[in-house]
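Notes follow once the structure below has been shown.
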Amino acid sequence: MSSSASIKRQLIYASITPLLILLLHLLFSYSSSTVTAYRQYIFLPLQQLRGRVFGLFPYSVGDIFYIVITIALLIALCRFMVGCFSFRRNKLLLFIALLRSVQLLFKVYLLLFILWGGNYFQESISDHLQLDKEVQITTKDLVAFDSLLIGRLNYCATNYKNLSMVEINEEAAQGYAATAAFPRAKVKPSLFGNMMAYMGVEGYFNPITGEAQINAHTPAFMQPFVIAHEMAHQTGVAAEDDANLMAYIQCLQSADVSFHYSAYLNIWLYAHRTVRRVDSTVAKRLRAQLNQLTINHIDILRQLRRKYDSRMGDYSSNIYDAYLKLGNQKQGVESYKNVAFSALAWERKCGRLQHIDFDTLSKK
């Protein structure tokens, strides 16, 4: 076969996968029935199967898979570099090798889209719950929400107790089985605990195995919310702000006050940061109302961030930001913070903000 014919054939092969990806993006973007069919006939049956199979293992199979893949990629990279050196005099072979590498990346993306990525096109939890986004959230609303969360933290702190990961798993899974009809939710401690700590990651969902992992260094008072967040991903909630909102609601529906405390604390961290940016004086006065247990927990979080502070966290954040934007989340990692507004909107819809005296709070 001539060199021109070989290049032509490789280009045809290389164009098939990206065109298919583009078609899927257009189809999922403009057809809600396609998204519904994907969830009902592809993702949920697949996730139930993965839950049954990988749920048999007490450790994360996905972590082991990533280790094997990383080793395989390093070997492939070495071979590729050797090949490039060998092909330096044959530009055609070098071009074909590069083309095949690009093809592989597109095929991996297509696989991830089928296994998980279609969920990014679902209706948001805020829209599903019919939270009114048209009502403007003012500074007074944020201050009121901050004060509300502090009041609830102070109330829950008196009965708070640390729960084991087994207890949290069981309680959270029961909640999802009851409200989301998803009986296979389970979170495992990751084998990459130290690495995740340095990357600033508390938990993650593996789109290949469907497993959810948590950083074992995550403090017990944060775990109910983090585990509920990762379980939300297991049920098909893809967007990070949606998973945060789902975790908040699920924790509050638990009968365990420690779940309530974890939810309020996690959302307060987002909400209070927003209030502090808007009015640092009011934020300082609000923080002074916190109970001693919560203050101690905040100090623990601060110490952990100092201990594991590294450039790795910045790099991983940038990489994950790009991944989220590629997955139809335009705000990237910034979307995590949106839960302060969606949780506020949910509380407002439930009628729990109307009794707050905004002016009194802002003038204290």
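Can you confirm whether the stretch 206-218 contains a residue that is polar (S, T, N, Q) and surrounded by fewer than 21 Cβ atoms within 10 Å (Cβ to Cβ)? Looking for residues that are polar (S, T, N, Q) and surrounded by fewer than 21 Cβ atoms within 10 Å (Cβ to Cβ), one finds none in the stretch 206-218, hence no. Just one of (1) under 22 Å from residue 153 (Cβ atoms); (2) assigned to a helix (DSSP H, G or I) fails for residue 254. It is (2).
Considering only residues that are modelled with pLDDT of 85 or more and not charged (D, E, K, R), which ones fall in the stretch 182-200? Of everything in the stretch 182-200, those that are modelled with pLDDT of 85 or more and not charged (D, E, K, R) turn out to be 185, 187, 189, 190, 191, 192. Considered as a group, the residues in the stretch 110-139 that are closer than 30 Å to residue 14 by Cα and polar (S, T, N, Q) include one that is modelled with the lowest pLDDT, and that residue is 122. For the stretch 257-281, the tally of residues that are hydrophobic (A, V, I, L, M, F, W, C) and over 17 Å from residue 153 (Cβ atoms) stands at 1. In the set (1) more than 22 Å from residue 264 (Cα to Cα); (2) at pLDDT 95 or above, residue 236 fails one condition alone, (2).
Looking only at the stretch 214-227, decide whether some residue is farther than 25 Å from residue 123 by Cβ, outside any strand (DSSP E or B), among the β-branched types (Val, Ile, Thr) and modelled with pLDDT of 90 or more. Checked the stretch 214-227: at least one residue is farther than 25 Å from residue 123 by Cβ, outside any strand (DSSP E or B), among the β-branched types (Val, Ile, Thr) and modelled with pLDDT of 90 or more.
Being out of contact with any strand residue (DSSP E or B) (no Cβ under 8 Å at 6 or more places or on another chain), crowded, with 21+ Cβ neighbours inside 10 Å and assigned by TED's automatic domain parsing to the domain that holds residue 238 is a description that applies to residue 149.
A single entry from 325, 337 fulfils the requirement of being touching a Lys or Arg at 6+ places or on another chain (Cβ under 8 Å), at pLDDT below 55 and assigned to a helix (DSSP H, G or I): 337. Residues of the stretch 8-18 that are modelled with pLDDT of 70 or more and either over 17 Å from residue 112 (Cβ atoms) or outside any helix (DSSP H, G or I) (or both): 8, 9, 11, 12, 13, 14, 15, 16. Pairs only if they're at least six apart or on different chains, beta carbon under 6 angstrom, first in the stretch 290-303 and surrounded by 10 or more Cβ atoms within 10 Å (Cβ to Cβ), second among the aromatic types (Phe, Trp, Tyr); list them, first residue then second. These pairs meet every condition: 297/221. Out of all the residues in the stretch 140-153, is one or more at pLDDT below 95 and outside any helix (DSSP H, G or I)? Scanning the stretch 140-153 turns up no residue that is at pLDDT below 95 and outside any helix (DSSP H, G or I). Contact annotation: residue pairs with Cβ atoms under 9 Å, 6 or more positions apart or on different chains, pairing a residue in the stretch 173-190 that is outside the structural domain of residue 46 (by TED's automatic domain parsing) with a partner that is among the basic types (Lys, Arg) and surrounded by fewer than 17 Cβ atoms within 10 Å (Cβ to Cβ), are 184/52.
The values are calculated or read from the model by the stated rules, or taken from the named source; none is laboratory data. Bear in mind that the values here come from a model prediction, so they are computed numbers and not experimental data. Note that we place each Cβ from the backbone using ideal geometry, even for glycine, and neighbour counts take in every protein chain shown.
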